[in-house]
Amino acid sequence: MSKQEKIKQLVADLGWDYDRLSSCGQSVYNEICNLLDIESQEKLTFKAREGRETFLFEAFNEEEARESCDMWNATFLGQVNEKGNLLPLA
């Protein structure tokens, strides 16, 4: 195993403790994952509708967000940016 492969493996393993990292630690972890082309543990914000109410929630990816909406019998509306605006669906 090369040094780079070992580093990728160790960083991926660190993801198991992602929730224990401080917000700054999570940010650094996400940056390292981006540099190494590893999927990070960063949660994304999504919007859904249940009846007349809309709400925001977090998930690791769109598939997980859609599954959550199915469990809640909610309509998936999409991912939102930091300002709360819906991003175009892929």
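Every read-out reported here was derived from the displayed coordinates using simple, explicitly stated rules and does not represent laboratory data. Not measured: the values here are computed from a predicted model. Note that each Cβ is placed from the backbone with ideal geometry, even for glycine, and that neighbours are counted across all protein chains shown.
What percent does the relative contact order of the chain come to when contacts are Cα pairs within less than 8 Å and at least six residues apart?
That works out to 20 percent.
Of the listed peptides 72-82, 15-25, 36-46, what is their order by residue-averaged count of other C-beta atoms within 10 Å, with the highest listed first?
Ranked by mean Cβ neighbours within 10 Å, highest first: 36-46, 72-82, 15-25.
Please give the charge dipole size of the chain, origin at the Cα centre, charges +1 on K and R Cβ atoms and -1 on D and E Cβ atoms. Round to the nearest 20 debye. Numbers along the way, then the final one.
Working: 10 positive and 17 negative charges, 42 e Å.
Value, rounded to 20: 200 debye.
Enumerate the lysines that Lys83 could reach by cross-link, defined here as Cα to Cα under 21 Å, with residues fewer than 8 away along the same chain left out.
The qualifying lysines are Lys43, Lys47.
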